[in-house]
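What follows is calculated from the coordinates using simple rules that are stated; it is not laboratory data. The model shown is predicted, which means the values in this text are computed figures rather than measured ones. Note that we place each Cβ from the backbone using ideal geometry, even for glycine, and neighbour counts take in every protein chain shown.
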Amino acid sequence: MTRRTLLALTAPPLLAAPAKSTLTEAYRAGAARLIGAALTDADGWRKMMYLCDRVGHRLTGSPALEEAVRWAAAEMKREGLDNVATPLVKVPHWVRGDERADIVAPVEVPMAMLGLGQSVGTPAAGITADVVAVGSFEELEKLGAARVGGKIVLYNVPYQGYGRTVTFRSEGASRAGKLGAVAALVRSVGIPGHRTPHTGVMEYADGVPKIPAAAISAEDALLIQRLIDTGETVRVQLKMSARTLPDADSANVIGEIVGREKPEEVVVIGGHLDSWDVGQGAQDDGCGCVACWQAAVLIKQLGLRPRRTLRVVLFTNEETQQAGAKAYFKSVSGQVKNHVAALEMDGGAERPTGFGLALANATSEQWSRALGRAQEIGALLEGIGAGQITQGGGGADIGPLVREGVPGLGHRTVGTRYFEWHHTPSDTLDKIDPREFQLNVAAIAVMSYVLADMPGRLVE
Ligand SMILES: [Zn+2]
């Protein structure tokens, strides 16, 4: 068997062009109406402007996030969505406070930095120590406690995609703290180029000293590395007044179109309403919230009440502990089997390309059937370039449902620049093209409407 034949035989069916099919044919007219409505809709963008420009960034525990919750629920009621609710969710409450990081020797340079979410602060006088730079955890371990103890560890790791690099942000402080380091700096996890620090959540391992952790811009990390490489001892001073307050009250925002035939069966669609405390949380994830929400509003306005219930959920606290996702999952325990699909948009609103499908514990027969059906729906989005259905999807907020076997659809875009803006002060509304936003609304409206209305389920 040649390698080529092997590839052909094992290539997933998603590579084949979807055949003309009943789902595609049955929903062609409805999909055209939804796409037309989305591409002429101005109200979704009005909501994006309000959320980004008037409410602004929405860190868990902040008054702004709760203002966003109240505003979204009031708007949903005004729009006539059914069963609008804001069930209480207790959320962790971390605050950044004042912070700065300076190279103090052999040169004096203030750095572009952002403390990492959930980090402890420093003493008021700050922490001043020599820097040890490493490019991997292996290098750190090799240096050992003798050379890491009392130092500030810098993880100078080039960005190689979010999934591969984020581990230094999440675990770096504890790995260094275990060896006696006094603080950890992480070269920002994102596409570099504008001396921008990228924040994000970090976690402390149990039983390890909690040391402060901050992200610095790639440019500052490279400067420190160059100085060290010439044999200099680099000293840094880190000052952070970050602290964790008692848990706060927050809420998920829920609105529905109750199904006309099987109201107990549900398609969940949504994103997360919280954001980091820099920028406006426009790409991450105001756009995911408003696109899913507006998709439901357009379906309602066109009078297309689907067979099953379409439920929009704007989740709280995705960025640190996914408390909103966990609370939603708990609230539907016993009804998980009634969730016929869950769709999440949390990768920004660049030009949409399609959806990734996740199926836990499915047989290969169920897989190919579900993929085939999703592709039939995807074919309705080929005209706007958003019809690609790939294997592997899901998302943090629908994760608990997907792990229990609910088919998960992860919204996909070209993703060209998302990680330049992600978790930075530059995640502002101007980074979203209004036309591309409309295309995303169209893709979600068509996918979610057909999932909620089609006679069978993706997986039966
Ligand atoms: Zn996000």
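Seen from all directions on average, segment 216-346 presents a Cα convex hull projection of 12.0 nm².
With the convex hull drawn around the C-alpha atoms of the chain, the volume per residue stands at 160 Å³.
Give the shape of segment 373-460 as rounded, prolate or oblate, defined through the alpha-carbon gyration tensor: a ≥ b ≥ c are the square roots of its eigenvalues, a/c under 1.5 means rounded, and otherwise the shape is prolate if a/b is larger than b/c and oblate if not.
Numbers: a/c = 2.45, a/b = 1.47, b/c = 1.67.
Here segment 373-460 falls in the oblate category.
Beyond 21 Å, what percent of the Cα pairs of segment 150-303 remain? When every Cα pair of segment 150-303 is considered, 60 percent fall beyond 21 Å. The ellipsoid that matches the Cα gyration tensor of segment 105-149 has semi-axes, each √(5λ) in whole angstrom, of 22, 16, 13, with the longest given first. When all alpha-carbon pairs of segment 320-390 are counted, what percent fall beyond 14 Å? The answer is 71 percent, as a whole percent. Each part reduced to its alpha carbon centroid, segment 134-192 and segment 419-460 end up 34 Å apart. Considering only C-alpha atoms, what is the centroid distance from segment 343-363 to segment 64-93, in Å? Going from one Cα centre to the other spans 25 Å.
For residue 330, the lysines whose Cα comes closer than 17 Å to its Cα, not counting residues fewer than 8 places off in the same chain, are 90. An oblate overall shape is assigned to segment 402-442, the ratio a/c of its alpha-carbon gyration tensor axes (a ≥ b ≥ c) being 1.5 or greater and a/b not exceeding b/c. Cα-based values for segment 160-231, radius of gyration first and Dmax second, are 12.8, 37 Å. Seen against the Cα atoms of the chain and their longest principal axis, helix 364-378 is set at about 80 degrees. Rounded to the nearest 10 degrees, the inclination of helix 63-78 to the longest alpha-carbon principal axis of the chain is 10 degrees. Based on DSSP, what percent of beta bridges with both residues in the chain are antiparallel, to the nearest 5? That works out to approximately 50 percent antiparallel.
Computed over segment 325-438, the quotient of the alpha carbon radius of gyration and 2.2 N^0.38 Å is 1.17.
The charge dipole of the chain, taken about its Cα centre with unit charges on the Cβ atoms of Lys, Arg (+1), Asp and Glu (-1) only, comes to about 800 debye. Counted residue by residue at 0.36 nm each, then reduced by the alpha carbon distance between them, the extension gain from residue 360 to residue 233 reaches 40.6 nm. Taken over the alpha carbons of segment 242-293 as equal point scatterers, the Debye sum produces base-10 log I(q)/I(0) values at 0.12, 0.28 Å⁻¹ of -0.43, -1.11. Each residue of segment 131-144 was assigned a 3J(HN,Hα) from its phi angle through the Karplus curve 6.51 cos²θ - 1.76 cosθ + 1.60 (θ = phi - 60°); the sequence is 9, 10, 9, 10, x, 6, 5, 4, 4, 4, 4, 5, 5, x Hz, with glycine and proline shown as x. Relative contact order for the chain using alpha-carbon pairs under 8 Å, separation at least 6, rounded to a whole percent? In percent, rounded to a whole number, it is 21.
Tell me, 188, 136, 333 in order of fewest to most beta-carbon neighbours within 10 Å?
The most exposed by this proxy come first: 333, 136, 188.
Taking every C-alpha pair closer than 8 Å and separated by at least 6 residues, the mean separation divided by the residue count of segment 150-293 gives a relative contact order of 18 percent.
When the charge dipole of segment 16-135 is built from unit charges on Cβ atoms (+1 for Lys and Arg, -1 for Asp and Glu) and taken about the Cα centre, the candidate among 27, 89, 59 whose Cα reaches farthest toward its positive end is 27.
Against the chain, whose longest principal axis is taken from its Cα atoms, helix 28-39 shows a tilt of about 40°. Given the pairs 262/300; 300/431; 47/431, which span a C-alpha to C-alpha distance of over 26 angstrom in this model? Pairs exceeding the cut-off: 300/431.
Rounded, prolate or oblate for segment 37-176? Axes are the square roots of the Cα gyration tensor eigenvalues, ordered a ≥ b ≥ c, and the cut-off for rounded is a/c under 1.5.
Prolate.
Listed by chain and number, the aspartates and glutamates whose alpha-carbon sits under 14 Å from that of residue 337, ignoring those within fewer than 8 places in the same chain, are 264, 265, 404, 460.
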